[in-house]
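Please treat every number below as a calculation from the coordinates, not as lab data. Just so it is clear, the structure is predicted and the values come from calculations on it, not from any experiment. Don't worry about glycine lacking a Cβ; one is built from the backbone with ideal geometry, like all the others, and counts go over all protein chains shown.
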Amino acid sequence: MGLRSFFVRNKALFYLYNLLNYKYMEFEKIKDFVKANGLPSYRIAQMREAVYVKGISCWQEASVLPEALRQKLDKEIKILPFELVTLQRSKKEPVFKALLKLNDGNRIETVLMRPGKTWSVCVSSQAGCPLGCAFCATGKMGFKRNLTAEEIADQVLFWYQFIHKEKLAERISNVVFMGMGEPLLNYVNVVESIKNISNPDFLGIGQRHISVSTSGIADKFINLASDLPQVNLAISLHNADDEERTALMPINRRFDLDDIKEALEEYLARTDREVFIEYTVIGGENDSPAHMRKLGKWINSIKDNYLLHVNLIACNPAVGKASAPKEAIIKNFAEALQGMNIGVTVRRSLGSDISAACGQLAAQPVRRRK
Ligand code: SAH
Ligand code: SF4
């Protein structure tokens, strides 16, 4: 048995394992720099405050530091591990999308939006995605690589710098893992990035304000319950029929509806937290009364299903099977689920004019289906 699996088997030891193994990356870099240059240790706190409170975009803006030190820092420590390629702003809604170039040339996209009164960031966890769902532009581009914890967390720092520069707000309130990639296939880095994002010494965004969306990597639900019990879990279901779900989401061959149900019941029992069932309503694919009944039946078959809440989202035109449903259908769908005592919200997807909405992130032009 490996050391990790030994610790995983025992919950208390597992917490200890995580504590011992946890490193704060950006902070480590700064600490090393201060040590290597024989600087007084209070500089660490000043640099931390400049980056994570003031939201400086380059070291020159850290006015508290002497000029020579700022110049040295600008040469030796990059604040962000990627470069901005393009930034787009929606003309319809408060939504921004950034295309970022990673150090190895791979590209990812990240989105800043204000769905209500506060700002949310949608982060990518992988460059591309290996799962190839039939309605998703990210899936279409294939898998490039997992992002590091720093590359994930610093997408939030990037937007923090942006809202300060543009004087849009003081803080980012929510982070959703609904950008490119499948977060639970990059589990270790995603967990580390969330610990970093929520650390009060850094951006300090509470774990209850962070949501992880998964296509249903069921064997990781229980790990998430122990590692990050306060983070919100959203499961992209999109179909409650195994055969049809497999056609939409090939990952259903590996984790089918029974696997998801079993893992979800364990997750609910362990956390007692609300879980979101994401259902993208795709015109002509999963939007009939029979689909709705099947979804309701599946949800009602789950133990502790009072903790489940369905989010219905109209499919954004992206690729392959993605086409929008007729407007009345989503309303009927919602009413029918409510009639089965299921909590449901119809969610608006923002930023479609700049291809920033769910399923549209591709980091490259994608030909739309007519
Ligand atoms: N891989 C994860 C998270 C990224 S996708 C997942 O699949 O959950 C984020 C959300 O966008 C998921 O719920 C996904 O199903 C949804 N999505 C993908 N393509 C879409 C499209 N064309 N229209 C609307 N939602 C879409
Ligand atoms: Fe990957 Fe999620 Fe897109 Fe499916 S919907 S291809 S899992 S990013």
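Side notes on the structure shown:
- Modelled FRET efficiency - R0 25 Å, Gln71 with Arg145, Cβ distances, 0.05 increments: 0.15
- By the Cβ distance rule of under 4.7 Å, the chain has these cysteines without a partner: Cys58, Cys122, Cys129, Cys315, Cys358.
- Each Lys or Arg adds one and each Asp or Glu takes one away; over the other residues whose Cβ falls under 15 Å from the Cβ of Lys91, this sums to +2.
- In a simple Cβ point-charge model (Lys, Arg +1; Asp, Glu -1; nothing else charged), the chain has a dipole of about 780 debye relative to its Cα centre.
- Region 82-183: trypsin sites (Lys or Arg not before Pro) in DSSP loop, at most 16 other beta carbons within 10 Å: Lys91, Lys92, Lys117, Lys167, Arg171
- Cα-projected label distance for Leu168 with Ser288, points at 7 Å along beta-carbon direction, nm: 4.2
- Cα→Cβ-extended label distance, 7 Å offset, between Cys58 and Asp219, nm: 4.7
- Least to most buried among Thr110, Thr138, Thr280, Thr148 (fewest other Cβ within 10 Å first): Thr148, Thr110, Thr280, Thr138
- Length-normalised contact order of region 82-362 in % [C-alpha pairs under 8 Å, at least 6 apart]: 18
- Theoretical gain in end-to-end length, Tyr42 to Glu327 [0.36 nm per residue, Cα-Cα removed]: 96.8 nm
- Which of Trp298, Trp159, Trp59 has the fewest Cβ neighbours within 10 Å, and the rest in rising order: Trp298, Trp59, Trp159
- Taking 0.36 nm per residue of separation and subtracting the current Cα-Cα distance, fully stretching the chain between Ser301 and Asp32 would add 91.5 nm.
- Among His291, His309, sorting on how many other beta-carbon atoms sit within 10 Å of each Cβ, with the fewest leading, yields His309, His291.
- Taking N as its residue count, the alpha carbon Rg of the chain over 2.2 N^0.38 Å: 1.03
- Note on Arg254 and Ala269: the model spin-label points, each 7 Å out from Cα along the C-beta direction, lie 2.5 nm apart.
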